[in-house]
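Take a look at the structure set out below.
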Amino acid sequence: MAITALTNQAPHQHKMSAGYAERLKEYPNKGKCGLPENYDTSRSLSSKISTLAQLMNQSCYTVVLTGAGISTSAGIPDFRGPNGIWTREQQRLMKVKKKKRKRVENNDDNDDQSEQPQQNDNEQQPSKGSSSSPSFVTAQPTLTHRALAHLITNNTPHPNHNNKNQYYLQHLITQNIDGLHGKTTSLPRNQLSILHGDIFTEKCSTCHKEYIRNYEISTIGLQPTGRYCTLGGDPPGSCTGALIDTLLDWEDALPEVDWERSQVECAKAELILCLGTSLRIEPAGGLCTLGTGLGYVDAGAAEWDLDCGGYLDVVAATKKKKSKKKKRQQLPPKKLGYVIVNLQETPYDDGATLVIRAKVDDVMERLMSKLGYGSDWDGNDDDRVDEHEQGQDGKNDDDDED
């Protein structure tokens, strides 16, 4: 399933999202860009964060879907914000069209003039990173990244769970390629689904073992990186398959394991939090509807026992070339829906249980307090694996290889 309206042989640092964006193929349909950003009033925001805390306390299974908006405070530009990469690109294209139309109206046949609009001194080209911007390598996780990792891995139990090993968050799904979730240590890979790839990760094309680097992978579109597998196979180390990047281009299919796991986790969820995402990239954007029990499931799963007493029998989609067979789903009795935290409107606002217009870091900081965490929860732990030969399996023991 390809992305609709998205998103080194030697170590090399690119300049944030712009460097990544200019490696993508040309694609005209990038969705709505440059929509105005809105902010809730202080009183409304306080009320909404209290409601969000109540929802999280009620939920026995919560999943988070993150987008570019959670990384802007790390210096990484978004794509569709007022100053986003695609927004600026559209503005430049509009200037080109306006200039061409004006020349036609004036019967100007002089082809010596460039069709590219002149750039003002204060205007930054979206395809070029600012010299003062950090690279993906030096960018550090934001408060939101750290809070999410803490809620998944911290041993403070959820008040409504009978099982002391249950926490506020059960799974995290990201559309981001910046690798910042991976820089929050102790976040297990089987609790993180990466839909559009990771600029620091390459994987074996044969055994699918992942290798996390401390430098950016320079290729895009699941292409060979020039390195080979050294840790995979049975016995370990016997595989010599070619390594490929994990960054998706527009027409690349979503990674099967992460995509199917995302659907299963969202179908299990009683509550889905959508943080800093415009929800305009499909099929990822539609995952939030599974929080209502009305969404789609394109993956198979067995039966899960939840600590809150519910269960889910998500049936499988049997994929046979062009046909799919789906059995009826039995959904948990409690569905709390989905919450959107985003400054811009999204296509899924109308169906949301709660929509919060505020910066994600501000919401998460106040939410952590509402959930009972003291001011010392944030250890600001941003270590990343430094060994170039450090690898990890791209799938989990309970993931289907097919």
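The values are calculated or read from the model by the stated rules, or taken from the named source; none is laboratory data. What you are looking at is a predicted structure, and each value in this text was computed from that prediction instead of being measured. Positions of Cβ are generated from backbone atoms using ideal geometry, with glycine treated the same way; all protein chains shown enter the neighbour counts. When the accessible area is computed, the model is the full protein with side chains, heavy atoms only, and any ligands, DNA or RNA have been set aside. Shrake-Rupley method; radii C 1.70, N 1.55, O 1.52, S 1.80 Å.
The table that follows gives values for the structure above.
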read-out: Of residues in region 253-283 being in a loop (DSSP other than H, G, I, E, B) and in contact with a Gly (Cβ under 6 Å, 6 or more places away or on another chain), the one surrounded by the fewest Cβ atoms within 10 Å (Cβ to Cβ); value: ARG280
read-out: Filter result (buried (at least 16 other Cβ atoms within 10 Å of the Cβ), of a type in the set (A, V, I, L, M, F, W, C) and either out of contact with any His (no Cβ under 9 Å at 6 or more places or on another chain) or under 9 Å from CYS204 (Cα atoms) (or both)) within region 219-248; value: ILE220, LEU222, CYS229, LEU231, CYS239, LEU243, ILE244
read-out: Single condition ASN214 does not satisfy, out of (1) touching a Lys or Arg at 6+ places or on another chain (Cβ under 9 Å); (2) over 19 Å from ALA139 (Cα atoms); value: (2)
read-out: Residue identified as modelled with pLDDT under 90 and polar (S, T, N, Q) among ASN83, ASN57; value: ASN83
read-out: So SER186, is it over 18 Å from the mean Cα position of the chain (by Cα), of a type outside the set (Phe, Trp, Tyr), closer than 20 Å to ALA147 by Cα and open to solvent by 40 Å² or more (accessible area, probe 1.4 Å); value: yes
read-out: Region 190-215 residues that are on the phi > 0 side of the Ramachandran plot, paired with ones that are open to solvent by 50 Å² or more (accessible area, probe 1.4 Å) and part of a strand (DSSP E or B) (beta carbon under 9 Å, 6 or more apart); value: HIS208/ASP393
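A quick yes/no check of all residues on (1) open to solvent by less than 20 Å² (accessible area, probe 1.4 Å); (2) part of a strand (DSSP E or B); (3) at pLDDT below 70:
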position	(1), (2), (3)
GLY286	yes, no, no
ASP298	yes, no, yes
CYS308	no, no, yes
LYS335	no, no, no
VAL355	no, yes, no
GLU365	no, no, no
